[in-house]
Every structure is written in structure tokens, then in C-alpha cells.
Amino acid sequence: MPLRLYNTLSRKKEVFKPLKNKQVKLYTCGPTVYWYQHIGNLRMYLSWDILKRVLKYNNFNVKHVMNITDVGHLTSDADTGEDKIEKAAKKEEKRAEDIVKYYLKVFKDDFKKLNIIEPDVWPRASKHIKEQINMIKILEKKGFTYKIKDGIYFDTSKLKDYGKLAKLKKEGLKEGKRIDKGEKRNKTDFALWKFSKQPSKRQQEWKSPWGIGYPGWHLECSAMSSKYLGKQFDIHTGGQEHIPVHHTNEIAQSESAFGKKPWVKYWMHGAWLLFKGEKVSKSKGGLYTISELEKKGFDALDYRYFCLNKQYGKPLNFSLKNLEFARNTRKRLKEIISKIKNSREKKNKKNVEAAKKQFLEIINDDINTPKALSFLWDVLRSDKLNNAEKYELVIEFDKIFGLDLDKEEKISIPIEIKKLIAKRQTARKNKDFTTADKLREKIKSKGYYINDTEHGAKVRKL
Ligand code: AMP
Ligand code: ZN
């Protein structure tokens, strides 16, 4: 069963075939690190983590690059507004570098908590200014650029197929007005280099052949992906909002500069995390961070399990209630697994292989995680498979799910509970079993269960 992926470029599910043998070059548009990433953002990165796991499961070798935007992303996609990092630095009265370092660290910590495999390269836009300037020079030489008052722009009317990813209508191009020198030639033209306003108050700016300034947001992805993955590569991922502007412009400048078409073979886009039926947002709510969920008693992996319940391309409704449901289901799953773990039954290889094949078929159909999860439950409930076979399958499937199904849960026990446990231990030592039992009940009423084993008392959350 070959891997099939939905390609935004063709609007079809296609059999995945890399440009070169079993090598897959994968690029993901990463975060702009000016604030905490919320669970909506993180759903996106979880989706690409599963994609990567599916590719590896299919024996592909994956090189994954994810950029970190630390300059040039303006508050409006139309090349206007403030630079998000500069704005945050001003607001928090910090150096831009400190803003980036802090939020990047939180982001990477969230990756670890969510079991997201790190990309092979995390290039930062501000560390690749030379590469971005070189790309503008190539575009300039080929006649794709022009200069106006606030920067160097890409002339989208030079391309017959501009907007093919978003299926933008050609007429759109003509709507642009050629008014003052200070304005763009076409509505869809975009900044490659923006000049710093004078006198400059920016923390991050660089000299260039055209003037002091900073790169446009779209440019970093083209310049850095080509540096680490080459001038043509296999898969580019991002959010659906990237299709009409960001990815459209990445394609325009890359195909013009590198002369390779298509620049990227497969484009994949993740759908939104919703709250009350709409994209999570400040006004609608749902903008939790992983730390906030942890404070509410959830584990990051509860959120991972929750996300697996929807295929990456479909919107997913978030609520604390739904997350609670995911937490309980994950807990039940782990309990079942710990029970079947040490089975010594003889495995029937045929049974195991047949189930693995079925699983591969499901997951290879454009990464159908909800169906794969229900298949996992079917396997656990099956009366045709013994426990040893089930356990082998669970461990196999978890290569995709990444839920650490085999790991003992590490729980942080509140001090209050620790004190009660110690008291109970003393009571037991003194053979005061009535007090010990009372304490066990008290601990239970606070949500913790004690199991006395020959290696001492083991505690778990109820
Ligand atoms: P940003 O840091 O704002 O550039 O966003 C980082 C990533 O999060 C982008 O790929 C967005 O598409 C994605 N994203 C933002 N909001 C949501 C959401 N509600 N659901 C899923 N992905 C989102
Ligand atoms: Zn990008």
C-alpha cells in the first residue's frame, strides 16, 4: 500500500514519490517567536510530526527543516504594519534577541513535552541575511524586482502562473494601481527587502546593496530551504492561511530565482484548531498554552491524543471537556497496556503481520489518524489476538502515535499528598493498620491511589 498524500497544488490525493530514491526533503514554516505558541499553533506542528513519523515508517529517510522567524514578519500580510518581534521587544522593554531566545526555548520545551521529533535544522531568519540578500540579487539580475520608497519589491505581473497554488485569478494582478513612486505596481507584489524608516528605531537591521533594512517575511523560507534542502525539494508544509500569500509568494520568488518547476513537489496544509466553532483567537478564546493545560491537571500527551482524533486536514473543535475525555481514554489505554505487557503467550506471526498491514493501509491513506486510533482499540478488544500479539502491535503503532504507550507515567505528587504517604508509611511500620487505611482513603479522596508492592508504596493518579 503506497503512501498517498493530499497535495494542495493539484487538490488531489497523490501517491507519494520523492524526487530522489528514498530521500525526503521536508520544509515546515515555523513560528514567529514573539509570544507563547498556543495549542492551535501546536496542533500544526503535531500534524507535521505525524507526517514525519509516517514517512519514516514507510522507510523514507527524512531531512526536516523548520525555520524560526525572528525578523521581518509584519503585523499585516500586506507588507505593512510593525515587525512582530520589534513590537514585542518594545512592549516588553527587552532586546529582540532576548525575546527570541525566551519564546524559542518555551516552544522547544513544548515540543519535548508533546513528543514532537525535533527538525534536523532550525534556521533563524536573522542568521541568514547574506543568503536572503543573495537571492534578491539573483531576482534583480533576472528582472523580477523594482525599487520603491519603502523597499525592493517582487513584480508578480512577470509571472504567467502567479497564484497557481491558491488558484488566484489572473485579473487580480491587474487590479493593482500604478500611482506614486512610493506604491507597488501590482496589488499582489510583495516586499523582498524593506528599508528601515529614518531615523531608525529598529534593533534588527542590516546593510544591503539597496539600503539599510531587513528582509521581507516570505524570502526567508525560500532562501533557507534552498540552503539546507537544495533548489528543489519534496514536501512543504504550513497552515492553510499561508496558501494565498506566503506560500504563493515563496513559489513565485523561488521558481523565478532557481528556474526549477515545480519548486516543491507536494504542498501540505493543516486545518485549524477551533473553539466554539471558530479558529481559536483572543476574542473567541481557546488560546491555551501547554503550561496552562498542565496547571489544569492535563498532561501534554493528553493534548497529543486529543489531536490524533482528527485527520490533519480537517478542523478540530477544542474544549476542556473534550480534552478531559481524551485524558480519560489515554489513561484507560495505558492501564490496558500495562496489563497485557508481560504476557508470555506464543505469538502467531501471521496474525501480527496481518494487523500491521491493515494499520499501514489506514495510515498511508493521507495519514488517517482517527481511523488508526480506532483500529488500535479494535486490536485491543479483539478476541482473535492474544495479549502478546496485542502488545507487539501497540508498540508498533505507537511509532506513529508517539504517545509513549509503553512508558510508566511520571507523576508529580503534590507535597500535601507526599506528607500523607509518609504518615501512612509510619503507621504501617508501627502496625497501626486502622490509621494506615484511613490515610489511604484520605489520599484516595484527593485523587491518588496507593498500591503497596514489595518495592514499597507505588502511587498513581486516579
Ligand atoms: P505564527 O507563529 O502566528 O506564524 O503561527 C504558527 C503556525 O500556527 C502557523 O503554521 C499557523 O498556520 C498555525 N496556526 C495558527 N493558529 C492556528 C489554529 N487555530 N489552528 C491550527 N494552526 C494554527
Ligand atoms: Zn514560510
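Pairing residues of the range 189-201 that are polar (S, T, N, Q) with residues that are in a strand (DSSP E or B), at Cβ distances under 6 Å and at least 6 apart in sequence or on separate chains, gives Ser196/Gly213. Looking across the range 205-223, the residues that are over 27 Å from the mean Cα position of the chain (by Cα) and under 20 Å from Ala88 (Cα atoms) come down to Glu205, Trp206, Gly213. Across the range 265-298, which residue is farthest from Ile251 (Cα to Cα) among those that are open to solvent by 60 Å² or more (accessible area, probe 1.4 Å), within 13 Å of ligand 1 (Cβ to nearest atom) and in a strand (DSSP E or B)? So, considering only residues that are open to solvent by 60 Å² or more (accessible area, probe 1.4 Å), within 13 Å of ligand 1 (Cβ to nearest atom) and in a strand (DSSP E or B), the one farthest from Ile251 (Cα to Cα) is Glu278.
Does Asn67 count as of a type in the set (S, T, N, Q) and either under 20 Å from the mean Cα position of the chain (by Cα) or within 17 Å of Val264 (Cα to Cα) (or both)?
Working: of a type in the set (S, T, N, Q): yes; either under 20 Å from the mean Cα position of the chain (by Cα) or within 17 Å of Val264 (Cα to Cα) (or both): yes.
In short, yes.
Counting only helices (runs of 4 or more DSSP H) that sit completely within the range 313-384, those holding 2 or more residues that are closer than 18 Å to Asp302 by Cβ and under 28 Å from the mean Cα position of the chain (by Cα) correspond to 320-340, 369-381. The residues of the range 60-84 that are of a type in the set (Val, Ile, Thr), touching a strand residue (DSSP E or B) at 6+ places or on another chain (Cβ under 7 Å) and open to solvent by 10 Å² or more (accessible area, probe 1.4 Å), listed by number, are Val62, Thr80. Looking only at the range 31-51, residues that are within 24 Å of Lys227 (Cβ to Cβ) and within 7 Å of ligand 1 (Cβ to nearest atom) come to 3 in all.
Condition check ((1) within 16 Å of ligand 2 (Cβ to nearest atom); (2) within 20 Å of the chain's Cα centre (by Cα)) across all residues:
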{"position": "Pro2", "(1), (2)": "no, no"}
{"position": "Lys25", "(1), (2)": "yes, yes"}
{"position": "Val62", "(1), (2)": "no, yes"}
{"position": "His73", "(1), (2)": "yes, yes"}
{"position": "Gly81", "(1), (2)": "no, no"}
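Hey, any hits in the range 30-40 for a residue that's open to solvent by 40 Å² or more (accessible area, probe 1.4 Å), in the same structural domain as Lys164 (by TED's automatic domain parsing), farther than 25 Å from Leu219 by Cα and hydroxyl-bearing (Ser, Thr, Tyr)? No, because not a single residue in the range 30-40 is open to solvent by 40 Å² or more (accessible area, probe 1.4 Å), in the same structural domain as Lys164 (by TED's automatic domain parsing), farther than 25 Å from Leu219 by Cα and hydroxyl-bearing (Ser, Thr, Tyr). Consider the range 216-263 and keep the residues that are surrounded by fewer than 24 Cβ atoms within 10 Å (Cβ to Cβ) and in a strand (DSSP E or B). The one that is nearest to ligand 1 (Cβ to nearest atom) is Gly239.
The values are calculated or read from the model by the stated rules, or taken from the named source; none is laboratory data. Please read these numbers as outputs of a predicted model, since none were measured by experiment. Counting neighbours? That spans all protein chains shown, and the Cβs are built from the backbone with ideal geometry, glycine included. Ligands, DNA and RNA are stripped out before the accessible areas are found, and what is left, the full protein with its side chains, is counted by its heavy atoms. Shrake-Rupley method; radii C 1.70, N 1.55, O 1.52, S 1.80 Å.
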